[in-house]
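Values in this text are rule-based calculations from the coordinates and carry no lab data. Because the structure is predicted, anything quoted here is derived from the model rather than measured. No Cβ is skipped: glycine too gets one built from the backbone with ideal geometry, and neighbour counts run over all protein chains shown.
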Amino acid sequence: MSEHEHQHNLPSAGSQGLWIALVITVVIMMAEVAGGFLSNSLALLGDAGHMFTDVFSLGLSLFAFTMSKRPPNSTRTYGYHRMEVMAALTNGALLIIISIAIFYEAYRRFASPPEIKGPLMLIIASIGLIGNLAGIYVLKGTHTQNLNIRSAFLHIVGDTMSSVGVIIGGVLIITEKWYFMDPLISILIGGIIIRGAIGIVFESSSILLEYVPGNIDPDTVHRALLGINGIKNVHDLHIWAITSGLYSMSSHIMIDDAMISEGALIIGQVEALMKEKFDITHTTVQLECDNCECGMVCSMVSRKEKEEHD
């Protein structure tokens, strides 16, 4: 399967799950907004606010998938793959902002816990839990392979944790009249959400800044290249991700003065090694030799001129 086929098949599977998750999220959000106001529950309203960002985030993820399917052109030679990374970064930032808002409102409620209608809070949270579990189910097959889906998946997981927390709070409010449990659970939920969101922000930022992917060790790649017969030295080695799961490598490789066919054979071995051992599917190699400072092409031209002269 080619790199483009891989990138297109994954979004097709992922986008179907995202559409289902989007519909589920909209329905739950509307129920929690109504239930939050009627029961006076911050936990429900906070979860509804989180749901609102989920609706936006899932829509953004779907838009990014649609854009990523567009083919490369003369001005966007890598295509639109990084739309997915930008969507993930935006989603992560939104999660952090909504978590901070939950912390602030919970702090205010600790000072004067309001009376909360526990039974209604419990019913709405239970409906939300069922819907969120359905969202996790439809995304579970693709979330580990794509940063964009993972950021959307994290939103759904955060909602599920919120629903569980609200259910526990609802039970304690009904049985023990512990109204302080509502803001306390909100803080715990916000902490879980923000922890995952920071990871998404850091990972998407590292792709945009073209850091070496975390699962690839440059020293290991360097040693593997030197293990290919005919390669004397490797320098200017660069490894980066175009988007999650799509890696690129470029390098200058020193070889003995050789015929073009031999150089092509080495390049083929480099490409095969990168793909099979490191999952790097986009490789650019410049061959050089000791006899010419300007690289192998110059060396080949010099040999051809010498042969014509003789």
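Where does each of TYR211, TYR80 land when they are ranked from fewest to most other beta-carbon atoms within 10 angstrom?
Fewest-to-most Cβ neighbours within 10 Å comes out as TYR211, TYR80.
Pull out the extension gain between TYR211 and LYS275, defined as 0.36 nm times the separation in residues minus the alpha carbon to alpha carbon distance; nm, one decimal.
Gain on stretching TYR211 to LYS275: 21.1 nm.
Suppose R0 equals 30 Å. What FRET efficiency, 1/(1 + (r/R0)^6) with r the Cβ-Cβ distance, do HIS252 and PHE202 give to the nearest 0.05?
So the FRET efficiency works out to roughly 0.50.
Pop a pseudo-label 7 angstrom from the Cα along the beta-carbon direction at both GLU262 and THR175 and give the gap in nm to one decimal.
Rounded to a tenth, the inter-label distance reads 8.0 nm.
What is the distance, in nm, between label points placed 7 Å from the Cα along the Cα-to-Cβ direction at THR77 and at THR284?
The two pseudo-label positions are separated by 0.5 nm.
What are the principal axis extents of the Cα atoms in the range 69-114, in Å, biggest first?
Answer, in whole Å and largest first: 61, 13, 9 Å.
Given N residues in the range 218-282, what is its alpha carbon radius of gyration divided by 2.2 N^0.38 Å?
1.10
State whether the range 54-132 is rounded, prolate or oblate according to the following rule on the C-alpha gyration tensor (a ≥ b ≥ c being the square roots of its eigenvalues): a/c under 1.5 gives rounded; otherwise a/b larger than b/c gives prolate, and the remaining case gives oblate.
oblate
Could you work out how far apart the two model spin labels at MET30 and TYR104 are, taking each label as a point 7 Å from the Cα in the direction of the beta carbon, and quote it in nm?
With each label point 7 Å from Cα toward Cβ, the separation is 2.9 nm.
How would ILE116, ILE185, ILE228, ILE100 line up from fewest to most surrounding beta-carbon atoms within 10 angstrom?
By the 10 Å Cβ count, ascending, the order reads ILE100, ILE228, ILE116, ILE185.
Of ASP256, ASP54, ASP219, how do they rank once you tally other Cβ atoms within 10 Å and put the fewest first?
Going from least to most buried by this count: ASP219, ASP256, ASP54.
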